[in-house]
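Submitted below is the structure of interest, expressed as structure tokens.
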Amino acid sequence: MIYLDYNATAPLSPLVEGSILNSLKRFGNPSSIHNAGRASRAAVDKTRKLLAEALGVLPRDITFTSGGTEANNMALHCLGVARENTYCSAVEHDSVLKLVAPQNHLPVDENGVVKLHQLEQVLRTARAPTLISVMWANNETGVIQPIKDIAKLCQQHGAFLHVDAVQAFGRIPISLLDGISLMTLSAHKMGGLKGVGALVSAPHLKMTAYIAGGGQERGLRAGTENTLAIDSWGQLLANGFEDFSAVAALRQQLEAGLKAANPLVHIWGHGVNRLPNTTCFSSPGHDKETQVIYFDLKGVALSSGSACSSGRVVKSHVLQAMNAPEDLANTAIRVSLGPHTTQQDIDTFLNHYKAMIG
Amino acid sequence: MTETVKQDMNHIYLDYQATTPCDPRVVEAMMPYFTQKFGNPHSRVHHHAWEAEEAVENARAQVASLIGADPKEVIFTSGATESNNLALKGAAQFYKSRGKTHIITCVTEHKCVLDTCRHLGLDGFDITYLPVGSDGLINLDDLKAAIRPETLMVSIMAANNEIGVLQPLREIGAICREAGVFFHTDAAQAVGKIPMDVNEMNIDLLSISGHKIYAPKGVGALYVRRRPRVRLNPLINGGGQERGMRSGTLSPALCVGLGEACAIAEREMAAEQKRTTELKDFFMNKLTSELEDIYINGHPEHRLAGCLNISFAYVEGEGLMMGIKNLSLSSGSACTSASLEPSYVLRALGVEEELAHTSLRIGIGRFTTKEELEVAADSIIKTVKKLRDMSPLYEMAKAGIDLKSIQWAAH
Amino acid sequence: MAYSNKVIDHYENPRNVGAIEEGNDTGTGLVGAPACGDVMKLQIKVDESGKITDAKFKTFGCGSAIASSSLATEWIKGKTIEEASSIKNSDIAEYLALPPVKIHCSILAQDAIQSAIENYKSKQQQSA
């Protein structure tokens, strides 16, 4: 089995694997004041501190959630910005896109990059308070948004900016830049366990609770913490991020191989900044679902786009927003590599691809 | 991997209502899904994902079986707090426009139900908080009288987390069904410990927590009745997982853990109930044979055997805790134990404040042994005796002074 | 809750627990309330020169309350009532390294000293 679907989820990092049993033994409720509780609290706080250090914020500005989807939902609710004043890019993950009115989806260019002049226009005319949500890197194409410029614009116009950094964190250097109010992270896309994410907030940002209850996470997110997943995330962070440097070279080979095998191949976002691990490409004449099943039968796991569509065959809203013609949109698949991807994996994949193209 | 939970008489765990250790069998069932079978269960295409999805569906069936539900009626969440939030806010938001703007709950509910109701109250909903008697149970006539045409839902917990009393679910369910209002129950403490059947009890929504039943933290479930159908607005939007009611990537491992925990509970519930009751009786007999003036809070029979809330008159709870550092237990609900306030649950029962300050919650669970309880009882007896010897209240009571006759200076 | 070693020491080995038989040369302070979770009874015995020759306490309360009252009896023994009444709660809190949520225990201990001294003084005035 060759796994090329890291943007859906990453296999558990070996750094974490060994620690699960130990972590499960530390089972106390972090809210309990006895020994068992305090040990769990310490583990949760350690991860919080490591995340804060990695992002250049204070530990108290990290709120753990059950994952990226919940953190995105929380981000769009917790500032109390009215729906008509909330905007997002047209290529956001469903967990943001569905919360924003369609007329407030900001257009992107043919590479999937937010059009800054259009954003500026919105910022100039929108009524305060305004919330803009733009992802750091796209899950389907890997295209990286000019977050620094966007943050600057938002700051100039006094708008809140939320950045979904689920795909970017751990793969490219990121931090809570000036002008970013909120940022979403997820553990399992970077080799941690599923079931934990975080919402990072700018200092002294006023937020309201999203899940009500026992007052955990400074009253912003109630519920007993997922100590196992949080602890495992900490193990990962303490050992440094997994190394994505080799991945870029592998992707270059992959894309060169694709072009050599099929002159009609179209690689999305080819000319702009992308995550080092993601290739989204169309092979006209080869339906995307057929391709995914073909590769699955050959033992290669990849995807036709966002993982969160519950298996429904849907048009990619990302490629649609990029104005992709039908024949390209219907034939696009995503290959996403990880630190454990090998040269041989790429060669094998390319051989299968050549056979498919015929 | 199947080693049992270690016995360590210096760290005896008696806080099973705050959280439980993972059952080694649950750990064993989960481990493959942490590592080899890591697929995202929602990417329906490739092989990894299929395996993960199959495991999640199997777990869903295990959860459903424990409460007599159909697997299609079970959705996974991050835990009981989220389940309670979703049940209350989700139904409230959906039915608000239909004129259903009244919710009935009870003063001793878990903080997350009370806090959610408080939020709904700010949002225009009318909330009735039923009182409880000195036994901790609601009065069914109060409930009947509280139901109005605009009542959407009754939310009453199955077992209380602080005092372990069991509310009369079957009777509440019958009243709700007859009146045509939804019945939600926070069953985090009850599921797996007492038999629960959503059809026999006419329950429409039921919240489950993983880490209270020997599965890990970070996973729970919500039962949502399909016939007659309960509609919910999702709390978390996105990829449309869990029938659109709860988006987000699920952890197959955690779902498998919850499923396995439910399957174990279903198999072993009767035997475990018997064992727990025997342990409780042994423990209480030992305490009462050595200590006078101790009281169990809440109804003596309608209760979980494994949850004892005991007041030790004339000694203060925190001072007592300090003398029994070998025991991990709580002097109140885990979520609030950092505060100096006496428990709102004990207050609702009408327990006098001085007794409320002297209470300990002792949780007896699957891995508790008789030896542990013997050591625990000895520690408690020794410390209570020592503290009573230095307690001015005990001295006065023994001298026949009525403590209530004294004008205490509040500070 | 993390307790300082000094709190733990006084909790485990409380000094001067007990009662002093009431007389003209004694003073008893009873402060706090059961409903608030702390009650302290502190007693002193005073000689003709105004020196505290004995002090005893009984406390219903948390470890910090027990430690504060135990320490109070230790400190006032051998002191004159004037010296004893100058003891500040902040001295007790600092010595025991009480966390902010436990400062009220030291306040109560200071109140107990004051209350015992007042009780002694009122007895003196009555007999004078």
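The values are calculated or read from the model by the stated rules, or taken from the named source; none is laboratory data. What you are looking at is a predicted structure, and each value in this text was computed from that prediction instead of being measured. Here the Cβ positions follow ideal geometry from the backbone for every residue, glycine too, while neighbour counts run over all protein chains shown.
Could you please give the count of residues in segment A:175-192 that are at pLDDT below 95 and under 13 Å from A:ALA137 (Cβ atoms)? Walk me through it before giving the result.
Looking only at segment A:175-192, we keep the residues that are at pLDDT below 95, and these are A:188-192.
Now restrict to residues that are under 13 Å from A:ALA137 (Cβ atoms): A:189-190.
Count: 2.
Could I ask something else about it? Taking B:LEU232 as the residue in question, decide whether it is in contact with a Leu (Cβ under 7 Å, 6 or more places away or on another chain), crowded, with 23+ Cβ neighbours inside 10 Å and closer than 21 Å to A:SER66 by Cα.
Here the answer is yes, as B:LEU232 does meet what is asked.
What tally of residues in segment C:90-106 results from selecting those that are buried (at least 19 other Cβ atoms within 10 Å of the Cβ) and within 12 Å of chain B (Cβ to nearest Cβ)?
To start, the set of residues in segment C:90-106 that are buried (at least 19 other Cβ atoms within 10 Å of the Cβ) comprises C:92-93, C:96, C:98, C:102, C:104-106.
Those still in the list that are within 12 Å of chain B (Cβ to nearest Cβ) too: C:102, C:104-105.
Counting residues in segment C:90-106 that are buried (at least 19 other Cβ atoms within 10 Å of the Cβ) and within 12 Å of chain B (Cβ to nearest Cβ) gives 3.
Which residues, counting only those in segment B:230-259, are in a helix (DSSP H, G or I) and without any contact (Cβ under 8 Å) to a residue 60 or more places away in the chain?
Initial filter on segment B:230-259 (in a helix (DSSP H, G or I)): B:242-244, B:252-259.
Matches in segment B:230-259: B:GLY244 only.
Please find, among C:GLY18, C:GLY78, C:GLY32, C:GLY50, the residue that is surrounded by fewer than 18 Cβ atoms within 10 Å (Cβ to Cβ), in contact (Cβ under 8 Å) with a residue 12 or more places away in the chain, within 9 Å of chain B (Cβ to nearest Cβ) and at positive phi.
Working: C:GLY78 fails: within 9 Å of chain B (Cβ to nearest Cβ); C:GLY32 fails: surrounded by fewer than 18 Cβ atoms within 10 Å (Cβ to Cβ); C:GLY50 fails: within 9 Å of chain B (Cβ to nearest Cβ).
Testing whether each residue is surrounded by fewer than 18 Cβ atoms within 10 Å (Cβ to Cβ), in contact (Cβ under 8 Å) with a residue 12 or more places away in the chain, within 9 Å of chain B (Cβ to nearest Cβ) and at positive phi leaves just C:GLY18.
A follow-up question, please. Would you pick out the residues in segment C:53-75 that are more than 7 Å from chain B (Cβ to nearest Cβ), among the aromatic types (Phe, Trp, Tyr) and not in a helix (DSSP H, G or I)?
C:PHE57
Can you pull out every residue in segment C:102-128 that is small (Gly, Ala, Ser) and free of Cβ contacts under 8 Å to residues at least 24 places away in the same chain?
Restricting attention to segment C:102-128, the residues satisfying the condition of being small (Gly, Ala, Ser) are C:106, C:109, C:112, C:115-116, C:122, C:127-128.
Listed by number, the residues that qualify are C:SER122, C:ALA128.
While we're looking at this one, here's another question. Considering B:GLY173, B:GLY180, which residue is touching a strand residue (DSSP E or B) at 6+ places or on another chain (Cβ under 8 Å) and surrounded by fewer than 23 Cβ atoms within 10 Å (Cβ to Cβ)?
Unique residue meeting the criteria: B:GLY173.
Can B:ILE264 be described as within 27 Å of B:GLY173 (Cα to Cα) and surrounded by 21 or more Cβ atoms within 10 Å (Cβ to Cβ)?
For B:ILE264, the condition - within 27 Å of B:GLY173 (Cα to Cα) and surrounded by 21 or more Cβ atoms within 10 Å (Cβ to Cβ) - is met.
Out of all the residues in segment B:260-267, is one or more over 19 Å from the mean Cα position of the chain (by Cα), free of Cβ contacts under 8 Å to residues at least 60 places away in the same chain, over 25 Å from A:ASP94 (Cβ atoms) and more than 8 Å from chain A (Cβ to nearest Cβ)?
yes
Here's the yes/no breakdown for (1) more than 14 Å from chain B (Cβ to nearest Cβ); (2) under 20 Å from A:ASN323 (Cα atoms):
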{"residue": "A:ALA52", "(1), (2)": "yes, no"}
{"residue": "A:GLY68", "(1), (2)": "no, no"}
{"residue": "A:CYS88", "(1), (2)": "no, yes"}
{"residue": "A:HIS117", "(1), (2)": "yes, yes"}
{"residue": "A:ALA126", "(1), (2)": "yes, no"}
{"residue": "A:LEU131", "(1), (2)": "yes, no"}
{"residue": "A:TRP136", "(1), (2)": "yes, no"}
{"residue": "A:VAL143", "(1), (2)": "yes, yes"}
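Considering segment C:35-47 alone, what residues qualify as being surrounded by fewer than 24 Cβ atoms within 10 Å (Cβ to Cβ) and within 12 Å of another protein chain (Cβ to nearest Cβ)?
Once the filter is applied, which keeps residues that are surrounded by fewer than 24 Cβ atoms within 10 Å (Cβ to Cβ) and within 12 Å of another protein chain (Cβ to nearest Cβ), segment C:35-47 yields C:ALA35, C:CYS36.
If A:LEU116 passes every condition in (1) in contact with a Pro (Cβ under 8 Å, 6 or more places away or on another chain); (2) buried (at least 22 other Cβ atoms within 10 Å of the Cβ) but one, which one does it miss?
If we test A:LEU116 against (1) in contact with a Pro (Cβ under 8 Å, 6 or more places away or on another chain); (2) buried (at least 22 other Cβ atoms within 10 Å of the Cβ), just (2) comes out false.
Do any helices (runs of 4 or more DSSP H) lying entirely in segment B:352-409 carry at least 3 residues that are more than 13 Å from chain C (Cβ to nearest Cβ), farther than 17 Å from C:CYS36 by Cβ and not aromatic (Phe, Trp, Tyr), and which ones are they?
By residue number, B:370-389.
In segment C:53-71, which residues are within 8 Å of the chain's Cα centre (by Cα) and over 16 Å from C:THR26 (Cβ atoms)?
If the condition is that a residue be within 8 Å of the chain's Cα centre (by Cα) and over 16 Å from C:THR26 (Cβ atoms), then C:SER68, C:SER69, C:SER70, C:LEU71 are the ones that fit.
Additional query: Looking at (1) in a helix (DSSP H, G or I); (2) exposed (fewer than 14 other Cβ atoms within 10 Å of the Cβ), which is the only condition A:LEU254 fails?
With (1) in a helix (DSSP H, G or I); (2) exposed (fewer than 14 other Cβ atoms within 10 Å of the Cβ) applied to A:LEU254, the lone miss is (2).
If I filter segment A:105-152 down to residues being of a type in the set (Ser, Thr, Tyr) and assigned to a loop (DSSP other than H, G, I, E, B), which single residue comes out as farthest from the chain's Cα centre (by Cα)?
Checked segment A:105-152; the qualifying residue farthest from the chain's Cα centre (by Cα) is A:THR130.
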